[in-house]
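A.B. asks: Before I ask anything, let me first share the structure, which is written out below as structure tokens.
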Amino acid sequence: MSEGYRGVGRVLVIIPTYNEAENLRIIADRLRKAVPDVDLLVADDNSPDGTGKIADELAAADDQIHVMHRAGKQGLGAAYLAGFAWAAEQNYDAVVEMDADGSHAPEELPHLLDALAEADVVLGSRWVKGGTVVNWPIHRLALSRGGNLYVRLALAMPLRDATGGYRAYRLAALDKMDLATIASQGYCFQVDLAWRAYRNGFRIAEVPITFAERERGASKMSSSIVREALWRVTVWGTRARIAGLRKRFAGQRSGG
Ligand SMILES: Nc1nc2c(ncn2[C@@H]2O[C@H](COP(=O)(O)OP(=O)(O)OP(=O)(O)O)[C@@H](O)[C@H]2O)c(=O)[nH]1
Ligand SMILES: [Mg+2]
């Protein structure tokens, strides 16, 4: 167990994994070197490629590395929720979301954590000044850009990168986000959390990151993940608009 990170307290980085045997050692090693003051939890969904066994070996050799073995593939949202609950039980002050595939550079984590000292939620952002994406094909760039534009318009939420998955949260903020009602499974989970943070009026900071395309292993991105995000964001946006209209209508009636 580490002493904690300056201005933030005890930090747990959660890396959800499904078939990341080629990546896990590399990312864990980079993280431990880049930010020795934070702990790591690997949340593995019983990966058929033996990722869970590698996680066990890493944990046996380093008491700042922990493993959660989950029964089977249930989506990244469910893995994160289980990780957040474990962090709360273990009295961490903050959690970080990070992919296993090297897209999120552990070397940039200090930027996120420094920002968290003055915020409740920090988004690693590809689409603010200084942020970039390296080696993405044009269709992935278009999907991320288009997805973020849609989220911004549908939810009227002024964030540049609400779909990204490199983030830091204070546990006190997560605690107020009513996580038990989250149904989002795929990457829509990230939008869901950003939307909850925004509606709660939390301090949200976006810091630029350099996002690199995965070099090894297979992507879990799919069209059903995109469809889920599309319909959920549309439902949330419509609900928010109806609630806004109701409020205005009620205000007009009582205010004359
Ligand atoms: N535990 C768990 N982890 C998952 C699941 N789906 C994805 N992940 C992990 O979530 C992280 C992000 O998944 P990726 O496949 O990299 O998704 P992506 O970044 O959209 O796609 P690419 O980078 O293009 O491959 C990785 O660490 C995955 O192993 C899941 O169902 N369960
Ligand atoms: Mg990835």
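The values are calculated or read from the model by the stated rules, or taken from the named source; none is laboratory data. A quick note: this is a predicted structure, and the numbers were derived from the prediction, not measured. FYI the Cβ positions are ideal-geometry reconstructions off the backbone, even for glycines, and counts take in every protein chain you see. These area figures cover heavy atoms from the full protein model, side chains too; ligands, DNA and RNA do not enter into them. Shrake-Rupley method; radii C 1.70, N 1.55, O 1.52, S 1.80 Å.
A.B. asks: From the Cα trace of region 53-154, what convex hull volume per residue do you get, rounded to a whole Å³?
C.D. replies: Details: hull volume 18.0 nm³, N = 102.
Spread over its residues, the Cα hull of region 53-154 gives 176 Å³ apiece.
A.B. asks: Tally up the carbon and sulfur contribution to the accessible surface of the chain as a whole percent, 1.4 Å probe, everything protein left in place. Please list the in-between numbers first.
C.D. replies: Details: 6590 of 12160 Å².
Whole-percent figure for carbon plus sulfur exposure: 54.
A.B. asks: Let me have the 222 nm mean residue ellipticity of the chain computed from DSSP H runs of 4+ only, each contributing -39500 (n - 2.57), with the sum over all residues rounded to the nearest 500. List each step's numbers first, then the result.
C.D. replies: On the way: 8 runs with 112 residues, N = 256.
When only DSSP H runs of four or more count, the value is -14000 deg cm²/dmol.
A.B. asks: Taking 30 Å as R0, compute the FRET efficiency from the Cβ-Cβ separation of HIS69 and ARG203 and round it to 0.05.
C.D. replies: 0.30
A.B. asks: Can you list residues from other chains, or at least 5 along the same chain, whose modelled amide H is less than 5 Å from the amide H of LEU41?
C.D. replies: VAL13, ILE14, ILE15, HIS66
A.B. asks: Which lysines have a Cα less than 26 Å from the Cα of LYS73, not counting those fewer than 8 places away in the same chain?
C.D. replies: The reachable lysines, counting only those whose Cα sits under 26 Å from LYS73, are LYS53, LYS220.
A.B. asks: Need the list of lysines near LYS176 for cross-linking: C-alpha distance under 25 angstrom, and skip anything on the same chain fewer than eight residues off.
C.D. replies: LYS247
A.B. asks: Restricting attention to the alpha-carbon atoms of region 185-256, what are Rg (one decimal) and Dmax (integer), both in Å?
C.D. replies: So, for region 185-256, Rg and Dmax equal 18.0, 63 Å respectively.
A.B. asks: Would you mind pulling out the separation of the Cα centroids of region 191-256 and region 98-112, in Å?
C.D. replies: 23
A.B. asks: Convert each backbone phi in region 60-72 into a coupling constant with the Karplus relation 6.51 cos²θ - 1.76 cosθ + 1.60 (shift: θ = phi - 60°), then list the ³J(HN,Hα) values in order as whole Hz, x for Gly and Pro.
C.D. replies: 5, 8, 8, 6, 9, 10, 10, 10, 10, 9, 10, 5, x
A.B. asks: Using 0.36 nm times the number of residues separating ARG6 and MET221, minus their current alpha carbon distance, what extension gain do you get?
C.D. replies: Details: separation 215, 0.36 × 215 = 77.40 nm, distance 3.51 nm.
Roughly 73.9 nm would be gained on extension.
A.B. asks: Apply the Karplus parameterisation 6.51 cos²θ - 1.76 cosθ + 1.60, with θ equal to phi minus 60°, to every residue of region 41-50 and state each ³J(HN,Hα) to the nearest whole Hz, in sequence, with x for glycine and proline.
C.D. replies: Result, ordered by residue: 10, 9, 10, 9, 8, 6, 3, x, 8, x Hz.
A.B. asks: Let me check something: with ligands and nucleic acids excluded, how do ARG203, ARG253 order by accessible area (1.4 Å probe), largest to smallest?
C.D. replies: Numbers: ARG203 115, ARG253 175 Å².
Reading off the accessible areas and sorting them downward yields ARG253, ARG203.
A.B. asks: Over region 23-124, give the accessible area per residue in Å² for a 1.4 Å probe, as an integer. Mind showing how you got there, number by number?
C.D. replies: Numbers: 3800 Å² over 102 residues.
On a per-residue basis, region 23-124 sits at 37 Å².
A.B. asks: For region 49-108, go through all pairs of different Cα atoms, get the mean of 1/r, take its inverse, and jot down that Kirkwood value in Å.
C.D. replies: Numbers: mean 1/r = 0.0761 Å⁻¹.
Roughly 13.1 Å, rounded to one decimal.
A.B. asks: On a full-extension model of 0.36 nm per residue, what is the gain between GLU57 and GLU118, subtracting their alpha-carbon distance, rounded to one decimal in nm? Walk me through the numbers on the way to the answer.
C.D. replies: On the way: separation 61, 0.36 × 61 = 21.96 nm, distance 3.59 nm.
Taking GLU57 through GLU118 to full extension adds about 18.4 nm, to one decimal.
A.B. asks: Let me ask something else about it. Zone of ASN46 (label point 7 Å along Cα→Cβ, backbone N under 15 Å): which residues in region 1-31?
C.D. replies: Counting backbone N atoms under 15 Å from the label point, the list is 18-19.
A.B. asks: For the chain, give me the percentage of DSSP beta bridges that are antiparallel, rounded to the nearest 5 percent. Show your work: numbers first, answer last.
C.D. replies: Details: 8 of 31 bridges.
If we restrict to bridges inside the chain, about 25 percent are antiparallel.
A.B. asks: Could you calculate the contour length gain from ALA180 to THR210, that is, 0.36 nm times the residue separation minus the distance between their Cα atoms, to one decimal place in nm?
C.D. replies: Details: separation 30, 0.36 × 30 = 10.80 nm, distance 3.20 nm.
Length difference between fully extended and current span is 7.6 nm.
A.B. asks: Same structure, new question: Equivalent-ellipsoid semi-axes (√(5λ), Cα gyration tensor) for the chain, whole Å, largest first? The partial results should precede the final answer.
C.D. replies: On the way: eigenvalues 195, 84, 62 Å².
Equivalent ellipsoid of the chain: 31, 21, 18 Å, largest first.
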